[in-house]
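Notes for the one structure printed next.
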Amino acid sequence: MLLEAHNLEKGYGIQKLFSIDKLEIGENDRIGLVGANGCGKSTLLKILSGQTEADAGTIKASCSIAYITQEQETEGDTSAYLLSRMNLKDSACKSGGEKTRLAIAAAFSRETKLLFADEPTTNLDVKGIETLEKMLKGFKGAFVLVSHDRYLLDQVCDTIWEIGDEELRVFPGNFTAWSEQKNREREYALFEYEQYQTEKKHLESAMHQIKHEAEGMRRPPKRMGSSEWILYKGTAAIQQGHVQNRGKAIEKRLDKLEKKEKPKDLPKISMKMGAEYPMEGKNALTAEHIKIAYGKATIIKDAGFKIAANKCTVMMGPNGTGKTSVLRKIIEQDPAVRLSPQARLGYFAQEHETLDPDRTVLQNVRSTSSQKESVIRAILANLYLTSRDIEKPVSVLSGGERAKVMLAKLLASDANFLILDEPTNHIDMYTAEALEALLKQWKGTLLLVTHDRRLAQEAGERFLFFEKGEIRTFEGNWKEYETSKERMEKPGDSAELQRTLLNMKMMELTARVSSPKKGERVEQIREELERVTEEYYRLGK
């Protein structure tokens, strides 16, 4: 056992964060620590590492602890090999991404069997996250990882700790296994609630019937004279006693019936988001001869790409490859970018906040929406903003809450072309999953810039990859891309693999054109088939 703790308690003022009876970390444990923002994840790591004192409890560690956090200075010598692996020339770092990579390299340089990592993917691009993933998989020891990156938690963890309702629960398996278990628990809780409601209604109906019987016994039956009623009273009294006994028995059963609360459901949104003003044609945007340079350094030489209408295109690439600059050209409608005349742009970028701090959450969202208030409230609730939250002025909200309001404002707006730049950066995993569900309902055009591989996996239908001064298009979803990437790493077969994947895509699209599902637009499927066919024959040249 590397670390064990007993009877840990921590709170601030009248607010209790958690009360944990027992906690253990064994050799080679791979633990993901999850929970809503503010539940105490970082505080727990600080307590276990000795940086913060608990209000009560004992902790016993049998080894030193390496700690990855952006809040502390790196200590000790950092391995030159690890600096190189994290793409750092030396330990003099300035940007947020460089500081994060240095913290990772410094922590892995320490000879220890226990590692704590608190949001180590902050400011990392996909390549950096993939490098961290490989390092965690190869780590010879145990670690506790706090992360909103669900894909990373799936890849490296075999146990999930969840903090919620002031307690710590332990679940075997990775993030997906935890999520499935939570869904099963919710389904069982719903079953118990329905059983409770059925039994409660049955008992209440029986009580009502008994009261009705008792009231009838207090009055003489019809056509019974007063003298007969006097003789009947004795029998009626006995029968009333029986009825009262039955009533008391049912009252006891009602009192002993364990109350079950109904699991909370996110309200359903009865609207076709993004489809209020449909965009016709094959492409929502065409960009040609894009050039990006910073001083003498050329970032993008001469690139072009298209954004397919009414689809989700995901833009990915290392930091500094020009993604934000390209977005700026789109937003400012640079001459190199041609937008569909039907396009109504909506843009999410946390450094360009468009909220009025003096107005409430609800007022901010309503100001740019023609939707009914009930729909707006449903969107806000799906992003975990309560009825109490939406009456607050924006000025009192946290950064994560402001991000949710901006996302809600866009989703409820009249835009049919959304551009979302890192929308999951400052929201917890529960909200990230809710956002995924909302984006799946989005029927308009979506350009999504993200390092979140789970979001890319769930939402992406095609990809733009920024790399080495070029913008490369991949037609297909994340799973197809991963398969392509793995095979292309093998020498000699990358072109043949791409042709095979495109051929499979052609077969799938041909089948969909022949037998379209309800709601599918055959013309769009046919256009995609033409595009994939062109790419297939181009690779054959």
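The values are calculated or read from the model by the stated rules, or taken from the named source; none is laboratory data. What you see is a predicted model; the values in this text were computed from it and never measured. When we count neighbours, we look across all protein chains shown, and the Cβ atoms used for this are built from the backbone with ideal geometry, even at glycine.
Structure summary
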| read-out | value |
| --- | --- |
| Meets criteria (assigned by TED's automatic domain parsing to the domain that holds Gly469, touching a residue at least 40 places away in the same chain (Cβ under 8 Å), on the phi < 0 side of the Ramachandran plot and surrounded by fewer than 20 Cβ atoms within 10 Å (Cβ to Cβ)) for Arg338 | yes |
| Residues (in a helix (DSSP H, G or I) and among the acidic types (Asp, Glu)) located in the range 415-447 | Glu433, Glu436 |
| Test for Ala343: is it under 21 Å from Phe465 (Cβ atoms), modelled with pLDDT under 95, surrounded by 15 or more Cβ atoms within 10 Å (Cβ to Cβ) and aliphatic (A, V, I, L, M) | no |
| Single residue of the range 307-325 satisfying the filter (out of contact with any Gly (no Cβ under 7 Å at 6 or more places or on another chain) and of a type in the set (S, T, N, Q)) that is nearest to Glu130 (Cα to Cα) | Thr321 |
| Condition check for Lys127: assigned by TED's automatic domain parsing to the domain that holds Cys157 and touching a strand residue (DSSP E or B) at 6+ places or on another chain (Cβ under 7 Å) | no |
| Single residue of Glu258, Glu288, Glu332 found to be at pLDDT below 85 and acidic (Asp, Glu) | Glu258 |
| Unique match (being in contact (Cβ under 8 Å) with a residue 40 or more places away in the chain, surrounded by fewer than 18 Cβ atoms within 10 Å (Cβ to Cβ) and not aliphatic (A, V, I, L, M)) among Glu167, Glu111 | Glu167 |
| The range 139-156, residues that are crowded, with 24+ Cβ neighbours inside 10 Å and among the charged types (D, E, K, R) | Asp149, Arg150 |
| Which numbered condition Lys94 fails, given (1) of a type in the set (Lys, Arg); (2) within 31 Å of the chain's Cα centre (by Cα); (3) at pLDDT 85 or above | (3) |
| Criterion: aliphatic (A, V, I, L, M), surrounded by fewer than 21 Cβ atoms within 10 Å (Cβ to Cβ), touching a strand residue (DSSP E or B) at 6+ places or on another chain (Cβ under 8 Å) and at negative phi - qualifying residue of Ile25, Ile14, Ile47, Ile59 | Ile59 |
| Test: Arg366 is of a type in the set (Lys, Arg) and without any contact (Cβ under 8 Å) to a residue 60 or more places away in the chain | yes |
| Single condition Thr58 does not satisfy, out of (1) modelled with pLDDT of 90 or more; (2) within 33 Å of the chain's Cα centre (by Cα) | (2) |
| Residue identified as touching a strand residue (DSSP E or B) at 6+ places or on another chain (Cβ under 9 Å), in a helix (DSSP H, G or I) and over 24 Å from Met429 (Cα atoms) among Leu327, Leu407 | Leu327 |
| Total residues in the range 300-324, condition in a strand (DSSP E or B) and touching a residue at least 40 places away in the same chain (Cβ under 8 Å) | 13 |
| Residue within the range 126-135 that is surrounded by 17 or more Cβ atoms within 10 Å (Cβ to Cβ) and of a type in the set (Asp, Glu) present | yes |
| Matching entry among Glu482, Glu433 (being without any contact (Cβ under 8 Å) to a residue 40 or more places away in the chain, more than 30 Å from Lys291 (Cβ to Cβ) and outside the structural domain of Thr121 (by TED's automatic domain parsing)) | Glu482 |
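Okay, residues lined up against (1) among the acidic types (Asp, Glu); (2) under 26 Å from Glu527 (Cα atoms); (3) assigned to a strand (DSSP E or B); (4) within 31 Å of the chain's Cα centre (by Cα):
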site: Lys272; (1), (2), (3), (4): no, yes, no, yes
site: Ile292; (1), (2), (3), (4): no, no, yes, no
site: Thr298; (1), (2), (3), (4): no, no, yes, no
site: Arg338; (1), (2), (3), (4): no, yes, yes, no
